[in-house]
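Report on one structure; see the data block that follows.
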Amino acid sequence: MMLKSTTRHIRIFTAEVQDNEFAPSPDLLTLDVDPDNEFNWPEPTLQKVYRKFDELVDSYSGEDLTEYNLRRIGSDLEYYLRSLLQEGELSYNLNSRVQNYSMGLPQMVYQDQ
């Protein structure tokens, strides 16, 4: 049985992708970051998210893989995305079909002329 955790911007599955479909896997987690493309993703920032995910997964090493633990990892990653947005490492994709600014209003930087 495949377990999953879904937050606004993070989806985690106990599965692997095979031929564009999920195949349940009790030993493998698949991470889907920002499925609605709400943000602009510089590659270094995306890599930070992957490293944070690995760190969180490692922190649950030896524990049973449960939906509760997956939700905790997903929630922690969601908070991490918010911190990246607040630090300016991540920005909203203003061309996205989804513009609800779920992490707060976009920051506008004004320059004196």
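The values are calculated or read from the model by the stated rules, or taken from the named source; none is laboratory data. Keep in mind the model is a prediction, meaning the values are calculated, not measured. Heads up, the Cβs are rebuilt from the backbone with ideal geometry, glycines too, and the neighbour counts pull from every protein chain shown. For accessibility, only protein heavy atoms count, side chains too; no ligands or nucleic acids. Shrake-Rupley method; radii C 1.70, N 1.55, O 1.52, S 1.80 Å.
Observations on the model:
- Added length on full extension, which subtracts the Cα-Cα distance from 0.36 nm per residue, D32 to T6: 8.4 nm
- Accessible surface, per residue, of the chain when the full set of protein chains is kept, probe 1.4 Å, Å²: 68 Å²
- The chain - charge dipole about Cα centre, Lys and Arg +1 at Cβ, Asp and Glu -1, debye rounded to 20: 360 debye
- Among the GluC sites (Glu not before Pro) in the stretch 22-71, those located in a DSSP loop and surrounded by at most 16 other Cβ atoms within 10 Å of their own Cβ are E63.
- The angle between the Cα long axis of helix 67-86 and the longest principal axis of the Cα atoms of the chain comes to about 20 degrees, rounded to the nearest 10.
- Projecting the Cα atoms of L94, L84, T45 onto the charge dipole of the stretch 28-98, computed from C-beta unit charges around the Cα centre, puts L94 farthest toward the positive end.
- Label assignment, P(r) over Cα pairs in 10 Å bins from 0, in percent derived from the structure, set [x] 14, 53, 32, 2; [y] 13, 42, 31, 11, 3, 1; [z] 14, 43, 29, 7, 4, 2, 0: [y]
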